[in-house]
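The values are calculated or read from the model by the stated rules, or taken from the named source; none is laboratory data. These numbers were taken from a predicted model, which means no experiment stands behind them. Glycine also receives a Cβ, built like all others from the backbone with ideal geometry; neighbour counts cover every protein chain displayed. To get the accessible areas, we keep the full protein, side chains included, count just its heavy atoms, and leave off ligands, DNA and RNA. Shrake-Rupley method; radii C 1.70, N 1.55, O 1.52, S 1.80 Å.
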Amino acid sequence: MSKLRIIGVLLVVVGLASIELVTGFSRLSGLRDGRTHDLQQVVTRGHDQLGERLRVRLDAVRQQAAYLALSSDIVDRLAAPGEPSGDAVAPASLPAPAALTAFLSAFPDVRRVALLDASRTEISSAARAPDGAPETTTPAPDVEAARLVAIEQGLYLPPLDPEGDAEPILLTARVEAPPLRELVGWVVITLSPEPLQEALAGFGPVDHLHTRLLPDRPPVSARDGEGLLLRTHVTATPGFLLETEVPDSALDAAMAPLSREYSWIVGSMVGVTVALVLLGALVLRLGQRAFRLNETEHYLRWIRRVTDRYRALMEGAADMILIVEPDGLLREANAAARAALALAEEEPPEPDAKPRTPVVRIVDRVAPDDRARFIDALDAAADSGRPVAAAALRIPEAGGGEHIVDGHFARIDLGDEHVVEVSLRDVTRQRAVERQLQIAQRLSSLGLLTAGVAHEINNPLEGIGNYLALLERPDTEPTRREHYLSEIRRGLSRIRDIVQDLLTFARPDVASDRADLTAVVDSALGIVRYLPAFKSIRVEHEGLDAPLEVAGDAGRLEQVVLNLLLNAARAMEGDGRIQLAAERIDPGDGAARIALSVADTGPGLPPETHDRLFDPFYSDSGGTGLGLSVSFGIAEAHGGSLRARNRSGGGAVFTLEIPVLDHGGPPSLPGRADHAAESRQ
């Protein structure tokens, strides 16, 4: 399973859990809202029904008051004129009409009924006695403010609260005398507030609500943060409201029976969410495991491909490649090494496994004389970590021959251990070809040398033979005879010089001494300074101001410098510039050298002469061909070298390198036996 799939599964699980949570909260909110709506409906219906009952009750009393105002007894009482005589009875002292007592008997809630004349003066009244029976009462001397309100509006309804004390309720009805319906007074009915308070207190669809009667306000039915507030008109004129307030505490108390449903919904939400989370964790775990397995298989396939590739490269290599432990134990070998060392492959433990190399000590397969060098190279590579080379190692063959190999040793770190990779290149055929080429080159050089010697010696021998023939004539004059003998001696001297040069070339005689290379150069310059070939040549030198002591023979070194100067002069044909420069070369291994370079401004060295420049009797300038070859031999006899190259700006440069004199001991130079051995090789 890829990372994208895992992320997709996680997103799905999180989405499902989120949907479940949102759905659960929506169910909780819906359940609460539904319960709240039901409570509102119950309270609203009860509130409306209570208002309707109060309205009907007040309307019934008002209607009876209106009927009472139409009673003839009431009208006659209020319409009768007062008697001024002293023996006449005043209207206020008259007994209450029968209609008033009857009215009190019919309506238990009525406390008192009074008659007021047009001037709003109470002239007669009836009230309920403590035992409930009607009785005539004395008129009230003053008109109360509430009565005035009732007369003006037809009703005085004080604020009523179920729990507090309340004033009586006053209802009025106009009394008009026919036929002109002239106002003659009012009927004022005083109602007891207790029945209404009991009705308000008995209204309780939910606990903790408050119901009361209030003066007229704009009708409002709203639910705000403080609960539910309901208001309904009980009377139109004057306007009074029935107000019911349901606080939040009442709603919360009404929601208490829903705790079980809440618990079920919350439990289902938590259960489903936990199940989804566990499912997501399981899917994630399985996905991670599958991803790791997929990556592991991918890496294993990659490692297998890389291993097969490198194994194929190793097996197909032409060189012998060995993996050797630092103690010399062979761990692995390629096909070329197994074939050359006659190593048999072990049978693989499994059908698809690679062949394994048997456990052997590779040192035992090396020739006894070369084992020490092999072990030293193996130890040096294992200890230092740097590549180490060992040339010309011999490995015997089973048939009696041997392989000559050049070895390269390199350490390979494998974490907790390290091994050494040994690469052996078979140079047996190459060495055989090189020996054949060396023999051919020596034979060729010997042929050239023989031809050159024969040519150089034949010329003076012919002259000697001619002069001897002239000396045999009896008529030869003494002066002529003396001249012929002088020429014979000159030819013999020439032959002796040639033989001496050959001996110097073959076995340079170098004295074990010390020489100042600066003085050697100055001496050579003093010899050539007056030669005709140097008249138009300018000689410059650099680095030759101080003494430069080297190990060698000053005379032989002077001969080398003199030959290089003469060779440069011949190359420039007597016109140009020769530059001599000396510098110290110190490679850091203690073998310091002085390099003396002789540069000319001639045409340079032709490419075809590079390989034959130091061969005996080879010359392209008309000389004997022994100067450079003798100089080359003298340089090698001093343990140095002589090289030639062309300058980038034109001309040739010959560089002589001679070891610096070691002040810690006497000069050490190759002897004749050593050089003779080198010549034989």
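Quick notes on this structure:
- Test: residue in the stretch 413-429 that is part of a helix (DSSP H, G or I), open to solvent by less than 30 Å² (accessible area, probe 1.4 Å) and in contact with a Gly (Cβ under 8 Å, 6 or more places away or on another chain): no
- Positions within the stretch 534-548 being over 19 Å from THR655 (Cβ atoms) and either β-branched (Val, Ile, Thr) or crowded, with 16+ Cβ neighbours inside 10 Å (or both), in sequence order: PHE534, ILE537
- Scanning the stretch 645-659 for residues that are closer than 20 Å to ALA635 by Cβ and either free of Cβ contacts under 8 Å to residues at least 24 places away in the same chain or in contact with a Phe, Trp or Tyr (Cβ under 9 Å, 6 or more places away or on another chain) (or both) gives a single hit, ARG645.
- Among the residues making up the stretch 356-378, those that are open to solvent by 20 Å² or more (accessible area, probe 1.4 Å) and modelled with pLDDT of 80 or more are ARG361, ASP364, ARG365, PRO368, ASP369, ARG371, ALA372, ARG373, ILE375, ASP376.
- The residues on offer are GLY46, GLY34, GLY24, and the sole one that is at pLDDT below 80 and surrounded by 12 or more Cβ atoms within 10 Å (Cβ to Cβ) is GLY24.
- Residue check, ILE527 part of a helix (DSSP H, G or I) and either charged (D, E, K, R) or modelled with pLDDT under 75 (or both): no
- Counting only strands (runs of 3 or more DSSP E) that sit wholly inside the stretch 102-180, those with at least 1 residues that are among the charged types (D, E, K, R), at pLDDT 75 or above and crowded, with 21+ Cβ neighbours inside 10 Å are 122-128.
Each row is one residue, and each column tells you yes or no for (1) open to solvent by less than 70 Å² (accessible area, probe 1.4 Å); (2) touching an Asp or Glu at 6+ places or on another chain (Cβ under 8 Å); (3) not aliphatic (A, V, I, L, M).
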site	(1), (2), (3)
LEU300	no, no, no
ARG305	no, no, yes
ARG309	no, no, yes
GLY316	yes, no, yes
ASP319	yes, yes, yes
ASP327	no, no, yes
GLU332	yes, no, yes
ALA337	yes, no, no
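- In summary, VAL187 fulfils each of the numbered conditions (1) part of a loop (DSSP other than H, G, I, E, B); (2) among the β-branched types (Val, Ile, Thr); (3) within 30 Å of LEU78 (Cα to Cα) with the single exception of condition (1).
- Checklist (1) over 30 Å from ALA410 (Cα atoms); (2) open to solvent by 70 Å² or more (accessible area, probe 1.4 Å); (3) at pLDDT 80 or above applied to TRP264, failing item: (3)
- Exclusive hit being of a type in the set (A, V, I, L, M, F, W, C) and modelled with pLDDT of 80 or more, set LEU94, LEU54, LEU39: LEU54
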